[in-house]
There are 2 protein chains.
Amino acid sequence: MAFRVEARDPCGARAGLLETPRGPLPTPVFMPVATQASVKALDADDLRRLSARAILANSYHLYLRPGVETIKEAGGLHRFMDYDGFILTDSGGFQVLSLSDLREVDDEGVTFRSHLDGSEHRLTPESVIGVQAALGSDGWTTLDECPPYPCAEPAARQALERTMRWLDRSVPVVEAARAAGARSLFFPLLQGGLHPGLRRRSAEHHNACPADGIAIGGFMVGEDKATTWRELAATTALLREDRPRYLMGVGTPRDLWDAAACGADMMDCVYPTRVARSGSVMTRGGRFTVTNGRYRRDFKPLDPECSCFVCARYSRAYLGHLLRCEELAVYRLLSYHNLHFMADVAAVVRAAIVAGRFPAARAEFLARYGDGP
Amino acid sequence: MAFRVEARDPCGARAGLLETPRGPLPTPVFMPVATQASVKALDADDLRRLSARAILANSYHLYLRPGVETIKEAGGLHRFMDYDGFILTDSGGFQVLSLSDLREVDDEGVTFRSHLDGSEHRLTPESVIGVQAALGSDGWTTLDECPPYPCAEPAARQALERTMRWLDRSVPVVEAARAAGARSLFFPLLQGGLHPGLRRRSAEHHNACPADGIAIGGFMVGEDKATTWRELAATTALLREDRPRYLMGVGTPRDLWDAAACGADMMDCVYPTRVARSGSVMTRGGRFTVTNGRYRRDFKPLDPECSCFVCARYSRAYLGHLLRCEELAVYRLLSYHNLHFMADVAAVVRAAIVAGRFPAARAEFLARYGDGP
């Protein structure tokens with residue numbers, strides 16, 4: 001197996017190591033989001049400086065723009081964006097349902113109109129793997145039908161059945177790509193986690209499939225956080241231990257601890273960069289908004305305990321000034337800091353698991369971080 | 001003197017070296033614009049990587065936001081923005097007249113309302129030097145009254161008389177600041193260049209003033225380029241040879257050659273970064289718009305002859321994709337490239353003067369660069 005669990009906390013948290021085509025990836029890991037082949041406001045040089053070894057890109061967006069042929073001709077997504085780390089691609093199922101117009105889901109796939117130009121497209125479980133293979137990403141997910149939240153059991157069951165059938169149909173395409181030389185890891189999507197009745201069926205099906213990891217979808221769709229963690233823990237309890245669990249769309253610094261406690265190994269979220277662009281800064285001592293008047297003459301770094309270049313160089317007063325002026329540079333600087341912070345939190349989480357003191361370390365972190373997300 | 005002319009072309013172009021409080025500055029030099037203490041989309045680290053040894057900041061903007069006290073408390077503008085090169089500050093006279101509401105100019109100064117919050121302010125020739133001294137910039141300009149264009153001779157004469165009186169009133173404040181330890185260079189503003197009748201009077205007055213350099217204003221205010229260069233050459237012909245001439249608000253790659261030919265030594269303009277943000281890219285072979293359809297699958301760098309990190313790393317196809325997606329990273333990358341190009345052009349101009357082949361080098365450059373600005 002490409003994944004090795006190196007340490008386990010009794011609560012369920014795991015420290016692992018995933019062997020990827022781009023080198024070893026220690027987990028838990030937080031993956032910055034590069035939906036359109038760019039982590040918002042940063043360039044690949046920044047990612048290298050951040051030591052960001054894994055990012056998430058989005059098949060749906062890249063399929064529509066710039067298009068698969070362009071990226072193929074560029075020599076793949078890595079060369080297109082000049083990034084040499086691990087790129088996991090979201091299948092785009094979620095985006096088809098949330099962004100596109102006039103979508104129609106049938107047993108064979110999804111027909112939809114582009115949110116960019118209204119052009120009609122069709123994605124099938126098979127073609128979605130083909131898109132990811134053409135992009136040359138390192139981790140492939142499967143097309144799924146993500147039911148709305150809340151969703152009654154019968155509708156959720158129907159979506160789950162379809163998602164499982166789509167998973168089965170993806171497998172031969174993955175195997176063919178591998179026979180043709182692809183080394184990418186297969187992370188088929190798991191649904192149904194919020195419905196206790198469907199959870200076991202979904203997990204059993206997934207456990208029996210050939211896969212390198214599990215992309216856990218269907219959380220963070222509107223339910224409250226207590227529900228998320230309770231249901232996630234119940235879900236991971238049913239999953240094989242030897243596969244890395246990628247929890248999609250999570251999260252905040254607090255979420256990293258909670259997701260890890262539920263046995264999640266990989267997470268991604270636009271949260272750190274999105275809030276950065278409105279001036280929200282994460283520090284060991286909690287979150288603050290850098291444009292708050294109290295920082296106008298505060299010449300300390302964003303986080304005095306942070307080792308990132310932004311904190312080495314710029315003050316709260318300067319960064320607040322730039323944001324008030326809407327100077328473009330500030331979006332990059334705050335995004336960089338927040339992603340550095342998230343990587344730092346993931347490293348602290350991992351070290352705590354390895355040291356056998358996860359609950360204590362979590363309590364210490366949260367005591368200082370406070371009530372924020 | 002702080003300025004030494006190292007080589008001269010018969011056409012009037014000069015290669016010089018200006019000793020500044022931040023080290024020697026070879027001229028001709030193009031200075032990126034950091035109006036609000038930030039070169040748009042770049043950070044100070046980028047400026048260092050660009051070897052940008054001189055930038056322009058704006059007293060008017062910084063006086064209003066974040067305010068002089070904040071920057072003073074930060075330890076000066078250099079520490080505020082973490083830049084250790086030469087910072088010249090525009091007095092803000094031009095901005096008062098062009099941006100603020102309800103301005104009133106009298107013999108003693110200018111009263112205006114902030115374009116940000118409507119608050120009332122007054123700037124005098126003396127206070128403008130005080131602002132720049134408090135900011136801690138390395139080059140100080142004087143408050144001027146920039147007449148509109150076109151402007152009849154009587155009105156231009158009145159503005160000029162006032163500008164000259166304001167210059168005279170600035171001198172004691174500069175001398176007091178120097179007595180108190182300031183090492184900043186004094187670049188009082190010259191006006192009246194577009195009026196042959198006023199030009200001599202203005203130049204003679206300026207030549208007789210104690211100054212380290214000359215900030216030439218009143219060009220690029222709406223006149224056509226042929227007029228600019230004809231009148232500029234006539235103006236510099238009247239100026240002392242031993243002072244560097246900073247031509248404000250210029251320009252484009254073509255302008256660098258033309259301004260240098262007229263004896264200008266320092267230039268600044270938002271042009272390279274402004275056009276970058278709409279996708280306009282400068283190369284040795286001319287300007288192009290990176291979002292043009294023909295570059296969709298063009299995997300060459302922006303300029304195959306460029307040594308900047310953007311060209312080393314990213315393709316036209318990728319950068320065009322980012323701009324189409326309005327990904328924030330692209331504004332920085334294109335701005336960086338264009339500023340790198342401008343620095344490169346300035347270096348080529350200087351080398352041509354030193355080598356005694358300015359006219360030939362200019363013709364070669366323009367033959368390849370083409371008709372664009």
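The values are calculated or read from the model by the stated rules, or taken from the named source; none is laboratory data. Not measured: the values here are computed from a predicted model. Note that we place each Cβ from the backbone using ideal geometry, even for glycine, and neighbour counts take in every protein chain shown.
Report the residue count in the range A:333-360 for those that are closer than 18 Å to A:G16 by Cα and touching a Phe, Trp or Tyr at 6+ places or on another chain (Cβ under 9 Å). It would help to see each step written out before you state the result.
Keep residues of the range A:333-360 that are closer than 18 Å to A:G16 by Cα, which gives A:342-359.
Subsequent filtering for residues that are touching a Phe, Trp or Tyr at 6+ places or on another chain (Cβ under 9 Å) retains A:342-343, A:345-346, A:348-349, A:352, A:358.
Final tally of qualifying residues: 8.
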Practice task
Tell me which of these A:A329 doesn't satisfy, since it passes every other one: (1) at the interface with chain B (Cβ under 10 Å from one of its Cβ atoms); (2) touching a strand residue (DSSP E or B) at 6+ places or on another chain (Cβ under 8 Å).
Solution key: (2)
Problem - Breaking point among (1) out of contact with any Cys (no Cβ under 8 Å at 6 or more places or on another chain); (2) without any contact (Cβ under 8 Å) to a residue 60 or more places away in the chain, for B:A159 - result: (1)
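Would you confirm, using the coordinates I've provided, whether A:A52 is buried (at least 24 other Cβ atoms within 10 Å of the Cβ), closer than 23 Å to B:A312 by Cα, of a type outside the set (D, E) and modelled with pLDDT of 95 or more? If you could, list the steps in order and put the result at the bottom.
Working: buried (at least 24 other Cβ atoms within 10 Å of the Cβ): yes; closer than 23 Å to B:A312 by Cα: yes; of a type outside the set (D, E): yes; modelled with pLDDT of 95 or more: yes.
So A:A52 passes the test.
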Problem - Matching entry among A:G85, A:G136, A:G109 (being over 22 Å from A:E19 (Cα atoms), more than 14 Å from chain B (Cβ to nearest Cβ) and surrounded by 18 or more Cβ atoms within 10 Å (Cβ to Cβ)) - result: A:G109
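From the residues in the range B:272-294 that are surrounded by 22 or more Cβ atoms within 10 Å (Cβ to Cβ) and not aliphatic (A, V, I, L, M), which one is nearest to the other protein chains (Cβ to nearest Cβ)?
At the first step, the residues of the range B:272-294 found to be surrounded by 22 or more Cβ atoms within 10 Å (Cβ to Cβ) are B:272-273, B:276, B:281-282, B:290.
Next, from what is left, pick out any that are not aliphatic (A, V, I, L, M): B:272-273.
Details: B:P272: 15, B:T273: 10 Å.
Among residues in the range B:272-294 that are surrounded by 22 or more Cβ atoms within 10 Å (Cβ to Cβ) and not aliphatic (A, V, I, L, M), the one nearest to the other protein chains (Cβ to nearest Cβ) is B:T273.
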Exercise for the section: Specify which of the listed residues (A:Y336, A:Y318) is at the interface with chain B (Cβ under 7 Å from one of its Cβ atoms) and either assigned to a helix (DSSP H, G or I) or at pLDDT 95 or above (or both). Expected result: A:Y318
Completion exercise
Of (1) on the phi < 0 side of the Ramachandran plot; (2) more than 11 Å from every other protein chain (Cβ to nearest Cβ), A:G370 fails just (1)
Problem - Lone unmet requirement of (1) more than 10 Å from chain A (Cβ to nearest Cβ); (2) surrounded by fewer than 19 Cβ atoms within 10 Å (Cβ to Cβ); (3) within 19 Å of B:L123 (Cβ to Cβ); (4) not charged (D, E, K, R) for B:G67 - result: (1)
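Restricting the search to the range A:68-91, which residues are of a type in the set (G, A, S), within 21 Å of B:P301 (Cβ to Cβ) and in a loop (DSSP other than H, G, I, E, B)? I'd like the intermediate steps shown before the answer.
If we filter the range A:68-91 for residues that are of a type in the set (G, A, S), which is where we start, we get A:74-76, A:85, A:91.
This time we only want the ones that are within 21 Å of B:P301 (Cβ to Cβ), so: A:74-76.
Residues satisfying the conditions are A:G75, A:G76.
Residue by residue, here is whether (1) in contact with a Gly (Cβ under 6 Å, 6 or more places away or on another chain); (2) not small (G, A, S) holds:
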| site | (1), (2) |
| --- | --- |
| B:E104 | no, yes |
| B:R113 | no, yes |
| B:G118 | no, no |
| B:L123 | yes, yes |
| B:A152 | no, no |
| B:L167 | no, yes |
| B:V173 | no, yes |
| B:A179 | no, no |
| B:F186 | no, yes |
Exercise for the section: Look at B:V128 and say whether it is buried (at least 17 other Cβ atoms within 10 Å of the Cβ), modelled with pLDDT under 95 and assigned to a helix (DSSP H, G or I). Expected result: no
Completion exercise
When every residue in the range B:216-236 that is among the aliphatic types (A, V, I, L, M) and without any contact (Cβ under 8 Å) to a residue 60 or more places away in the chain is compared, the one surrounded by the fewest Cβ atoms within 10 Å (Cβ to Cβ) is B:A226
Exercise for the section: Please go through the range A:177-190 and pick out each residue that is out of contact with any helix residue (DSSP H, G or I) (no Cβ under 9 Å at 6 or more places or on another chain), assigned to a helix (DSSP H, G or I) and among the small types (G, A, S). Expected result: A:A179
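Each row is one residue, and each column tells you yes or no for (1) in contact (Cβ under 8 Å) with a residue 60 or more places away in the chain; (2) out of contact with any Leu (no Cβ under 6 Å at 6 or more places or on another chain).
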| site | (1), (2) |
| --- | --- |
| B:V5 | yes, yes |
| B:P21 | yes, yes |
| B:V33 | yes, no |
| B:R53 | no, no |
| B:G67 | no, yes |
| B:F80 | no, yes |
| B:D84 | yes, yes |
Practice task
For B:G213, state whether it is among the small types (G, A, S), modelled with pLDDT of 95 or more, over 20 Å from B:T35 (Cβ atoms) and surrounded by fewer than 16 Cβ atoms within 10 Å (Cβ to Cβ).
Solution key: no
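Residues checked against (1) over 23 Å from the mean Cα position of the chain (by Cα); (2) over 19 Å from A:Y246 (Cβ atoms):
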| site | (1), (2) |
| --- | --- |
| A:V68 | no, yes |
| A:E73 | yes, yes |
| A:H121 | yes, yes |
| A:V128 | no, no |
| A:Y149 | no, yes |
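Matching residues to (1) in contact with a Phe, Trp or Tyr (Cβ under 7 Å, 6 or more places away or on another chain); (2) surrounded by 19 or more Cβ atoms within 10 Å (Cβ to Cβ):
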position: B:S98; (1), (2): no, no
position: B:S114; (1), (2): no, no
position: B:L160; (1), (2): no, yes
position: B:F186; (1), (2): yes, yes
position: B:L198; (1), (2): no, yes
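What number of residues in the range B:302-315 are within 11 Å of chain A (Cβ to nearest Cβ), without any contact (Cβ under 8 Å) to a residue 40 or more places away in the chain and either in a loop (DSSP other than H, G, I, E, B) or within 17 Å of B:A343 (Cβ to Cβ) (or both)? Explain how you work it out, then say what you get.
Here is the first cut: in the range B:302-315, the ones within 11 Å of chain A (Cβ to nearest Cβ) are B:309-310, B:312-315.
Filter once more, keeping what is without any contact (Cβ under 8 Å) to a residue 40 or more places away in the chain: B:310, B:312-315.
Those left that are additionally either in a loop (DSSP other than H, G, I, E, B) or within 17 Å of B:A343 (Cβ to Cβ) (or both): B:310, B:312, B:314-315.
Of the residues in the range B:302-315, 4 are within 11 Å of chain A (Cβ to nearest Cβ), without any contact (Cβ under 8 Å) to a residue 40 or more places away in the chain and either in a loop (DSSP other than H, G, I, E, B) or within 17 Å of B:A343 (Cβ to Cβ) (or both).
What residue, of B:A360, B:A343, is farther than 22 Å from A:R79 by Cβ and surrounded by fewer than 16 Cβ atoms within 10 Å (Cβ to Cβ)?
Numbers: B:A343 fails: surrounded by fewer than 16 Cβ atoms within 10 Å (Cβ to Cβ).
It is B:A360.
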Handout entry: Residues of the range B:144-170 satisfying the condition of being touching a strand residue (DSSP E or B) at 6+ places or on another chain (Cβ under 6 Å) and either modelled with pLDDT of 95 or more or assigned to a helix (DSSP H, G or I) (or both)
Key = none
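Yes or no, residue by residue, for (1) hydrophobic (A, V, I, L, M, F, W, C); (2) in a loop (DSSP other than H, G, I, E, B); (3) surrounded by 20 or more Cβ atoms within 10 Å (Cβ to Cβ):
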{"residue": "B:A15", "(1), (2), (3)": "yes, no, yes"}
{"residue": "B:A37", "(1), (2), (3)": "yes, yes, yes"}
{"residue": "B:A41", "(1), (2), (3)": "yes, yes, yes"}
{"residue": "B:R48", "(1), (2), (3)": "no, no, no"}
